[in-house]
Amino acid sequence: MFDYSKLNPAFAKLSKPAQRAMINAEIYTAQDLARHCRAEVAALHGIGPSAFPVLESALAASGLRFKADDRPRTLKPPLQ
């Protein structure tokens, strides 16, 4: 079972698969999200193009943005 209460309230606008992807990657707040580049987040299973306006809005509301990084790294291996 996933504890959605840990997520930033702005992330509630994301689909449930996207919310689960954030929880699996231990990204609960805009500050957590800002530690990752767009490519890293896009690589998460459950995150699609429609998630990015929500994520970017949450970052902007906190005065943050995605980390600039050319080389994505794996956040966590997929659950099997």
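Each reported figure results from applying straightforward, stated rules to the coordinates on display, with no laboratory input. Predicted model only: the values in this text are computed from it and were never measured. Reconstructed Cβ throughout: ideal geometry from the backbone, glycine too, with neighbour counts over all protein chains shown.
From its DSSP helices (H runs of at least four residues, each -39,500 (n - 2.57)), the chain gives a residue-normalised ellipticity at 222 nm of -9000 deg cm²/dmol.
Label positions at A68 and E56, each projected 7 Å from the Cα along the C-beta direction, are separated by 1.7 nm. Backbone phi angles across segment 10-19, fed through the Karplus curve with coefficients 6.51, -1.76 and 1.60 (θ = phi - 60°), yield HN-Hα couplings of 5, 6, 5, 6, 6, 5, 4, x, 5, 5 Hz in residue order; Gly and Pro are listed as x.
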